[in-house]
Amino acid sequence: MRKRLGLAGIAGSVAVALLLLITGSVSDLVGAATFLFSAGFRRWVQANSILVFWVGVTLIIILVVYVLVLHRMLTDGKQRESKLIQVHQGELAERDDRLESVTADLKNSQTELARLRAEPTPHDCDLFQRFLDDFPQDKGTVEYLTKWFSGESWDIDRLGELYEFCATWSLNTFFDDEEVQAALTTLHERCTDFRVGVASESFRDLGDPNDGTRVLKRDRFQSNRQFEAKARELEGLADRLLEAHSSLVKLGRSKRLYQSKSGKNGSAT
């Protein structure tokens, strides 16, 4: 009975020592280590060698199983991670392919839209040709304003195309192309400004009454400086008109509106 209690006590002490080794403080660890290497513990191990052997085998088996299970968990985790990476990479590749396809479609659509926008409508081509016929750039009113117009005297008969343009090209005349239409509106405004400015200062010359010459009367101004300023103002209105006219012609030609008659006679106008 005493021997059994002794064995139980030693076993309890061993368990306590192991527990202290695992969870104890530094002093407890030192105490437990002292007990495990003591003569009493060695005698107990010798007396219970079979028990110690099987306990050791059991612990080794548990450790091996634990290591195998841990290795299997790590292997499975790596395999799952690899599969997830492969799936994710596949999804990314598929997304990139779709993105490239959408980008290509968008680029093609933009190219087609730009082509359609650049392609002039028959209405705009015909209207631009009518404009070139009614208000040409290299003769008539434009040529006169460019070469011979003076703010001090001018030939009213040489402005016939200008007055005709203001009368027939009303604000209800529209180009389909918004940019060309804006240029036409600007030209119409500049023509109106010039026509009003000239009309308010237009007086017949004292010479031939049938002559179309109009003059800027000096006696209407208090000084020669005021007279010259008004003359320069009229010339400035003419320059602005010519600038607007040139801008419209250049814009129409850049948009190929001048090809309006290519379908009729086989050559561009």
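Some observations on this one:
- Residue within the stretch 155-178 that is surrounded by 13 or more Cβ atoms within 10 Å (Cβ to Cβ), out of contact with any helix residue (DSSP H, G or I) (no Cβ under 8 Å at 6 or more places or on another chain) and of a type in the set (Ser, Thr, Tyr) present: no
- When the criteria are applied in full, Leu241 fails the requirement of being surrounded by 15 or more Cβ atoms within 10 Å (Cβ to Cβ), in contact with a Ser or Thr (Cβ under 8 Å, 6 or more places away or on another chain), assigned by TED's automatic domain parsing to the domain that holds Pro136 and not hydroxyl-bearing (Ser, Thr, Tyr).
- Some residue of the stretch 141-163 being at positive phi, in a helix (DSSP H, G or I), out of contact with any strand residue (DSSP E or B) (no Cβ under 9 Å at 6 or more places or on another chain) and touching a residue at least 12 places away in the same chain (Cβ under 8 Å): no
- Looking across the stretch 117-151, the residues that are closer than 30 Å to Arg204 by Cα and either touching a Ser or Thr at 6+ places or on another chain (Cβ under 8 Å) or surrounded by 17 or more Cβ atoms within 10 Å (Cβ to Cβ) (or both) come down to Asp134, Phe135, Gln137, Gly140, Thr141, Val142, Tyr144, Leu145, Phe149, Gly151.
The values are calculated or read from the model by the stated rules, or taken from the named source; none is laboratory data. No experiment lies behind these values; they were computed from the predicted model shown. Neighbour counts are summed over all protein chains in view; Cβ atoms, including those assigned to glycine, are modelled from backbone coordinates with ideal geometry.
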